[in-house]
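The values are calculated or read from the model by the stated rules, or taken from the named source; none is laboratory data. In this text the structure is predicted, and so the values were computed from the model without any measurement. Neighbour counts are summed over all protein chains in view; Cβ atoms, including those assigned to glycine, are modelled from backbone coordinates with ideal geometry. Remember, those area values only see protein heavy atoms, side chains included, never the ligands or the DNA or RNA. Shrake-Rupley method; radii C 1.70, N 1.55, O 1.52, S 1.80 Å.
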Amino acid sequence: MKYISGGKCTSTAKLNGKVVVITGANTGIGKETARDLAGRGARVILACRDMEKAEAAANEIRTKTGNQQVIAKKLDLADTKSIREFAENFLKEEKELHILINNAGVLLCPYSKTVDGFEMQFAVNHFGPFLLTFLLIERMKESAPSRIVNVSSLAHCLARIRFEDLQGEKSYHRGLAYCNSKLASILFTRELARRLQGTRVTANALHPGSIVSELGRHLTILIFLGKLLTFFLKTPQEGAQTSVYCAVAEELESVSGKYFSDCKPAYVWPQGCDDETAKKLWDVSCELLGIQWD
């Protein structure tokens with residue numbers, strides 16, 4: 001028996017006829033989330049950067065669930081051109097979108113910039129999901145009731161949005177950069193939920209728990225500690241439970257702007273409840289991405 005397995009999604013909701021997009025679904029909790037939702041009958045699109053891994057994951061999920069409606073599509077959240085191409089193709093091919101799970105993320109990577117000139121962690125963990133959601137939101141409104149699920153982290157407790165150095169160009173610490181990007185995810189969810197009131201589209205964020213995954217690949221010590229502390233870490237399947245819960249639980253149909261952990265509401269640190277910062281981050285994100293989202 002493991003020490004920590006966390007909450008379990010007990011909903012038996014079926015998703016036949018529903019369309020789901022999950023980013024970063026070729027490994028870890030994203031893949032487990034995709035497997036669960038495919039098992040409920042959904043048409044599941046794995047939106048991934050590495051197409052070889054994505055095709056292998058899609059094939060494995062189809063085999064395990066018997067659901068042939070599991071498809072891999074190219075999406076690189078570190079490249080706004082790729083995000084726009086994914087969205088354009090999706091909107092041409094799919095008439096509905098009921099669940100969008102912004103799952104993909106990077107953790108503790110050394111300082112680097114994306115092709116668009118954004119700091120890598122902030123780009124993949126915040127700007128990418130922000131732009132993707134913007135491009136797909138009208139289809140979600142048309143398909144309502146629908147849900148947006150943003151995978152954040154308890155790490156937001158250590159974060160602060162510093163608009164004077166939003167992307168760490170003046171001073172960069174890979175740990176704090178990760179925390180800040182996850183705080184941005186919570187603030188985005190909060191402001192998004194406010195703007196979506198009355199549309200029957202909900203937006204919630206979650207902390208999946210500490211998980212044995214590939215996320216720590218940029219830091220050897222994390223890989224070592226992961227192996228050492230397996231007893232205390234969730235498996236990807238256990239870590240996916242809250243994502244699944246936010247996507248399917250009947251009792252959350254009209255719940256929006258909340259934060260969950262272990263399949264129940266969780267405490268948000270004060271910096272994640274700051275409406276003024278959330279609004280300002282929204283405006284700055286739109287400006288940097290060159291979009292108008294009113």
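Numbers below:
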{"quantity": "Alpha-carbon radius of gyration plus Dmax, which is the widest Cα pair, for the chain in Å", "calculated": "17.6, 51"}
{"quantity": "With every protein chain in place, the chain: carbon and sulfur % of accessible area (1.4 Å)", "calculated": "52"}
{"quantity": "Accessible surface, per residue, of the chain when the full set of protein chains is kept, probe 1.4 Å, Å²", "calculated": "46"}
{"quantity": "Amide H partners (placed H, <5 Å) of Phe260, local residues excluded", "calculated": "Ala205, Leu206, His207, Ala266"}
{"quantity": "C-alpha center-to-center spacing [region 121-146, region 250-265] in angstrom", "calculated": "18"}
{"quantity": "Computed [θ] at 222 nm, helices only, for the chain once each DSSP H run of length n ≥ 4 contributes -39500 (n - 2.57)", "calculated": "-12000 deg cm²/dmol"}
{"quantity": "Using θ = phi - 60° and Karplus 6.51 cos²θ - 1.76 cosθ + 1.60, couplings along region 158-165 (whole Hz; Gly, Pro as x)", "calculated": "9, 9, 8, 7, 10, 5, 6, 8"}
{"quantity": "For q = 0.14 Å⁻¹, Debye-computed log10 I/I(0) when each Cα of region 66-156 counts as one equal scatterer", "calculated": "-0.55"}
{"quantity": "Farthest toward positive dipole pole in the chain [+1 Lys/Arg, -1 Asp/Glu at C-beta], among Thr114, Val151, Val124", "calculated": "Val151"}
{"quantity": "For region 148-155, 3J(HN,Hα) per residue [Karplus equation, 6.51 cos²θ - 1.76 cosθ + 1.60, θ = phi - 60°, Hz, x = Gly/Pro]", "calculated": "10, 10, 10, 7, 10, 6, 4, 4"}
